[in-house]
Every structure is written in C-alpha cells, then in structure tokens.
Amino acid sequence: MTVLENEAETAHKQGAMRLVAAPMLLLTLAIAGYFLFPDNLALLTRIIAISLLVLSIDLVTGICGVATLGQAAMFGAGAYAAGIGAAHFGITDPLAMTVVGAFGGALAGLLSGLVMLRAHGLPQLVLSIAVVHLFHEAANKASRWTGGSDGLTGITPSPLLGLFDFDLWGRTAYIYGVFLLLLTFVALRVIVSSPFGMLCRGIGEDATRIEAMGGDVRGTMLKMFVIAGFVAGTGGALGAISTQVVGLDTLSFALSAEALVMLVLGGAGSLYGALTGTVTFMWLEDVISAANPFHWMTIVGALLIAAVLFAPRGLYGAVEELAARIWGRR
Amino acid sequence: MNREPVFEAVGLQKNFGGVAVADNITLALYAGDRVALIGPNGAGKTTFVNLVTGNVAPSAGKVRLAGKDVMAESPAMRVRRGLVRTFQLTRLFQRMTVAEHVALAILQREGRTGRLVGNFRAMPNVLAEMREILATLDLSLVADRLVCELGYGQQRLVEIALALALKPKVLLLDEPTAGVPAGETARLESALDQLPPDLAVLMIEHDIDLVFRFARRVVVLDAGAVIFDGQPGDAAASAQVRRVYLGNFTDARHPA
C-alpha cells in the first residue's frame, strides 16, 4: 500500500511538473512574440482569441468526437455578452467583461448542446450549422442591442486592474490575452486528464461502449458543451475587449468552419494541436495575404490539402511522430 | 431454488416484421450461476443480450434485476444496477491504455467520472484495485500499452477486466473466445474460471468443449425460442437439441 501511495505521490508530482512545463513553454513563446512583433500585437491578440475558440472546438470535436460547424455561436455569444454588458450596462471592467463573456458563451454552449445532442452524425453536423445561423440571425435582428450589421460599438474597457490602460499598440490587451490563454490551457489540461476527461475521450471513441459501462453519455457531453462554451466565450470576450467592437462575423458559419480547419490542421484531440493549428493558420493567412492579396486562399487551400494528405493527425501529430522516431518513444 | 433470482427475463418477445427473433424467452439467473446460452447461428442469442441490456426494445416481456422491473431504465442505468455485458467483437478504446480502461471502469462504478480534477494515477485506491484486476487476468505487464498494440486474445482479457472493474452481479459474456487464436484460449479459460464465485454468469459460446467445461447449466435457443434449459449432460442427450444444434458441432468454432 505504501508503495502504491509513493507511486501515486510520484505520479502526482510528475503530473504537476508537466502541468508547469507546458505553460512555461507557452509563456516563453508569448514573450518572444511580444518582442519579435511589437507592431503586430493586435494580430497576436486575435490569434489568442481564436485559439480559445479552436480549443473549445477541440473539446467537443477532438475529445468527444462530435463534429461541429457551429462553434462560433459560443464565441460570438461571449463577444456580444461582454460587448453588450460594456456598451449598455456599463460593465467596463475587463475582468468582469471576461466573466460575462464566458458565461454568455457557456449559455450558448448549453443551448447548442441541447439542440445538437438530439442527433448523431451528419444530422448533428447540420444542426450545428443551423444553430450558428440562428444565433447570427438573432444578433442581426436585435440591432437595438447588437448594432446589427453595423456592429456593436461603444465598448470602452476600463483599465485592467484599474492600472493598465488598453493602449493603442494593444500591449495591455496582448498581455491580458496571454494570461487568459495560459489560465485556460492549464485548466483544460487538468480537465482533460481528469476522470471526466477520460470519460469524454471514451465517449469520443465509442459512446455505446461507455453506455455499456454505465456512463451517462448525453449528460457528460452536455457538460462538455457548457465547458466548451465557457472557453469560446472567454475568447469572444477577449476579442471584444481588445478590438472594442463586436461584429456579426464573430457569430458566423465562416468563422466556425475556419476554426475547425485550424483544428484539423494542428491535430484534433490534442490541446497542443489546437494551438499549433491556430497559430500556423492565422500566421500563414497574414503572411500570404500580405504577399498575394488576391490568391492567398488558394495557397492556404493547397497547404491544407498537403497537411491532410501528409500529416493526417495534424501538424502536431506529425511532430509527435517525428519526435517518437528520433527518440524511440511511443 | 427458493433464493431470489438476481436476473429474470420474463416472456421476452421481439418481432422484426413477422419474424420472431426472440420468442417468449423466460430465463432466470441466480447468484453463482454458470450458464451457457447456445444455439445455431441466427438463433437470437445476441438479440437476447441486446433486449436484456436495453439496447433493443422488446415487443413484449420484462426484465427484472434483483426483483426490480428495469424496463423503463436506460442501458446505462441497468449497468449501474449490476447488469454488465462484454461484446462479441471487442469494443475497446483504441487510444487508451489498458490501465486507463480499467481505471475508467472503476471510477465509473464509483460514480466519480463527473470529476473535473484529479488523475487516477494519483489515486491509491483506484491504482490498487486496478493492479489487482490486471494481475488476476495476467495483464500487469501490458498495463501501460495502448489496446491497439495488444493481440486479440489479450484484448479479450481487457474486455473481461473492464467488466470485472464494474463489479457486476450479472455478467453476460458474448462469445468471449470468438476470434482468439487456439493457443491463447487457455489463458482466457482460466480467467473465466477465476470469475467471482457469487457472480451470475451467462455465456454465449460456440466452443462446445468450453461450454461443457464451464457451464453447470445450458440453455439452448433456436429460432428465438428456448428449447432446452437444464444440465449440460442432458442437453447433449436431448434429441431436439441434437437436431437443431449439435449437427453443427464440427463447424461450430467460427464466430457468428
């Protein structure tokens, strides 16, 4: 028993070590980004916001195995919740805006889940599209609150912690974004390796088998939808805080689809994959669209096809495989 | 037998179109039972399991667990009441290790899979139980291997490990040796021998030798109906059983 307890203790410590190592790497990259691209912090902040959306899709698609083309409903709900709170109710504290956005996203996640989990497979995918279109249309119609197709303006976040103004260069927004991403990443790492996370991975592979083990498939997935909504909503709120405007594009099918593409590019099922995919896709988009504003989508498309053909488990999966081959680990 | 059955199927009926795939099946299991359910291919053995677990809704009839009618309950609820099955073709999680499979089942049984924090590797009681189950089934050495890296015989053992970790009261084994290479069935058979003595086991099996070694009671199904329920020796002697089933003895070793 003592051996087991020791072993459990060691596992616990190792887990804690790994839990710290990944955020340290992220932090290093974030700091490098800050100094390497000081004029591009707005782009980096947007990458972080979209990363949260892609991580959210990873929870639902990569972990639970539910393909979705409607995740932007949760992202946009978070953005509008934070934006409306700031523009109409004077909730301009950025932390409060983030919380409002996260809960807005979680609510959207709950609604999406309640609708989508009624079906399986292709009909489910179609429901996800229906959900994001309904959200989009609702925001369009409620223009008194959302500004409709003109977008929601008048969002002026107060200084972060009462100290740091959201400056023109986007430094505060970027640093706040990095903080949010790190916090979310660590929380998701904990959740993914928790008993709940294991159950979700099981559901993703074979839901019937989980049922045959006494697992509550629908309830578990619904919980994951709410968590995913919380994460996506946080991303939406970050977008609202950093750009001080919320447009209907945050609630669009196009964003949902693009984010899913980023996930597949990076490697679904892995949190690192989600981040790798987002950074790669958005950075490429930026570089290529600057070099060739007319045909950049063609180039991105070709790269995507190459990635899917030659790295079916995504870029991160390919790197993992390569590393395994070099160091001979599994 | 004046003890209360842990499991009862009463008049289970299932018709597909005009064909009865389960025809008024009544069957009771008691704690410690070792029953083999046999019958030719297409006799409705797996259908029976699906009806009982709730994966397929019967046209008529009832299932009771420890005297309680469970017809209104979901498959998952029935599992939580102790009715556990294994699958004819193994259904395991290809991207999980053997240890994770067993730990997940233990956590599920204990109602702890809702937890968002913690890791089973840091839970001494889960580890201890997992080790014990893996040791019983000779799987300790492959605990940290992914299931897809194991041979089929070992995957079969993982199915049984999963079932045991759920601490069932009634275990339905759907062809536990199907597809297992001949050299590995001994390991599997000894695992079957070591099942908890008070567990009620219903095994669907085509390997008649195994049936006769394992079962103390045999139920024969033909065209969805029970045509025999009794001692294994009497089954072999029954003319009706011989006619519908035992003729297939020679080619009975293939999975359905």
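Brief remarks on what is shown
- Screening the range A:162-234 for helices (runs of 4 or more DSSP H) wholly inside it with 3 or more residues that are touching a residue at least 60 places away in the same chain (Cβ under 8 Å) and under 21 Å from residue B:119 (Cβ atoms) returns the ranges A:171-193, A:195-205.
- One residue from A:57, A:63 being within 14 Å of chain B (Cβ to nearest Cβ), at pLDDT 85 or above and closer than 24 Å to residue A:201 by Cα: A:63
- When the residues of the range B:164-182 are filtered to those that are touching a helix residue (DSSP H, G or I) at 6+ places or on another chain (Cβ under 8 Å) and part of a helix (DSSP H, G or I), the one that is farthest from residue B:7 (Cα to Cα) is B:165.
- Within the range B:144-157, being away from every other protein chain (no Cβ under 12 Å) and open to solvent by less than 30 Å² (accessible area, probe 1.4 Å) holds for B:150, B:153, B:155, B:156, B:157.
- Looking across the range B:216-256, the residues that are in a loop (DSSP other than H, G, I, E, B), on the phi < 0 side of the Ramachandran plot and either modelled with pLDDT under 85 or open to solvent by less than 10 Å² (accessible area, probe 1.4 Å) (or both) come down to B:238, B:245, B:252, B:253, B:254, B:255, B:256.
- Every residue from the range B:65-109 that is within 8 Å of chain A (Cβ to nearest Cβ) and more than 30 Å from residue B:14 (Cα to Cα): B:93, B:94, B:95, B:96, B:100, B:103, B:104, B:105, B:107, B:108, B:109
- Among (1) farther than 19 Å from residue A:269 by Cα; (2) buried (at least 20 other Cβ atoms within 10 Å of the Cβ); (3) among the hydrophobic types (A, V, I, L, M, F, W, C), the one test that residue A:253 misses: (2)
- Pair list, Cβ under 7 Å, 6 or more apart: the range A:256-284 residue in contact (Cβ under 8 Å) with a residue 40 or more places away in the chain and assigned to a loop (DSSP other than H, G, I, E, B), other residue among the β-branched types (Val, Ile, Thr) and open to solvent by less than 20 Å² (accessible area, probe 1.4 Å): A:269/A:63
- Just one residue in the set A:229, A:277 is small (Gly, Ala, Ser) and modelled with pLDDT of 95 or more; that residue is A:229.
- When the residues of the range A:87-115 are filtered to those that are assigned to a loop (DSSP other than H, G, I, E, B) and open to solvent by 50 Å² or more (accessible area, probe 1.4 Å), the one that is farthest from residue A:49 (Cα to Cα) is A:90.
- Take the conditions (1) in contact (Cβ under 8 Å) with a residue 24 or more places away in the chain; (2) closer than 27 Å to residue B:53 by Cα; (3) among the hydrophobic types (A, V, I, L, M, F, W, C); residue B:126 misses just one of them, which is (1).
- Search result, residues across the range B:186-206 that are modelled with pLDDT under 85 and more than 15 Å from the chain's Cα centre (by Cα): none
- Complete set of residues in the range A:204-230 that are more than 9 Å from chain B (Cβ to nearest Cβ) and open to solvent by 10 Å² or more (accessible area, probe 1.4 Å): A:207, A:218, A:221, A:222, A:226, A:230
- Condition met for residue B:39 (in contact (Cβ under 8 Å) with a residue 12 or more places away in the chain, more than 10 Å from chain A (Cβ to nearest Cβ) and touching a helix residue (DSSP H, G or I) at 6+ places or on another chain (Cβ under 9 Å)): yes
- Taken together, the residues in the range A:122-167 that are of a type in the set (Ser, Thr, Tyr) and surrounded by fewer than 16 Cβ atoms within 10 Å (Cβ to Cβ) amount to 4.
- The range A:265-284: number of residues that are surrounded by fewer than 18 Cβ atoms within 10 Å (Cβ to Cβ) and not aliphatic (A, V, I, L, M): 1
- Residues in the range B:1-60 that are hydrophobic (A, V, I, L, M, F, W, C), over 27 Å from residue B:207 (Cα atoms) and either assigned to a strand (DSSP E or B) or within 14 Å of the chain's Cα centre (by Cα) (or both): B:10, B:16, B:19, B:60.
- On the stretch given as the range B:110-134, residues that are more than 7 Å from chain A (Cβ to nearest Cβ) and open to solvent by 60 Å² or more (accessible area, probe 1.4 Å) total 5.
The values are calculated or read from the model by the stated rules, or taken from the named source; none is laboratory data. Here the structure is a predicted model, which is why all the values come from computation and not from measurement. Positions of Cβ are backbone-derived with ideal geometry, glycine not excepted, and every protein chain shown enters the neighbour counts. For accessibility, only protein heavy atoms count, side chains too; no ligands or nucleic acids. Shrake-Rupley method; radii C 1.70, N 1.55, O 1.52, S 1.80 Å.
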